[in-house]
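Remarks on the structure that follows.
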Amino acid sequence: MQAQSLAVGYARVSVESEDIGNQAHVIEDYTKTNNLTLVGVFKDVGVSGAKPALEREGFRQSLTALESMTVLFDLL
């Protein structure tokens, strides 16, 4: 039996009017192409890149997912 390869995705846009869907779609396509199981895509919408990563809710959620399982790929 082959081990399942898991991945966690993270996407962020600084302005709510920007489309975060494109980033999530690229992550989803990458995982499909590379036979990875996507655990989730965690998002921060309307959050500046100047804000420290650990102060971003979506980023912290992605870290929690990474800590709770063996994840081979972290797609940021």
(request) Would you work out which of Val41, Val26, Leu6 lies farthest towards the positive end of the dipole of the chain? Charges go on Cβ: Lys and Arg +1, Asp and Glu -1. (result) Leu6
(request) Taking the Cβ of Gln23 as the centre, find all other residues whose Cβ is under 12 Å away and add up their charges (Lys, Arg: +1; Asp, Glu: -1). (result) -3
(request) Give me the net charge of Val13's neighbourhood, meaning all other residues with Cβ under 10 Å from the Cβ of Val13; Lys, Arg count +1, Asp, Glu -1. (result) -2
(request) Would you mind calculating the relative contact order of the chain from Cα pairs under 8 angstrom and at least 6 residues apart, reporting the percent as a whole number? (result) 45
(request) Any chance you could run the full-extension gain for Asp29 through Gln61? It's 0.36 nm times the residue separation minus the Cα-Cα distance, nm to one decimal. (result) 9.4 nm
(request) In debye, nearest 20, what is the charge dipole magnitude of the chain about its Cα centre with +1 on Lys and Arg Cβ and -1 on Asp and Glu Cβ, if you could check? (result) 140
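Every read-out reported here was derived from the displayed coordinates using simple, explicitly stated rules and does not represent laboratory data. A quick note: this is a predicted structure, and the numbers were derived from the prediction, not measured. In this analysis, Cβ positions are derived from the backbone assuming ideal geometry, glycine residues included, and neighbour counts consider all displayed protein chains.
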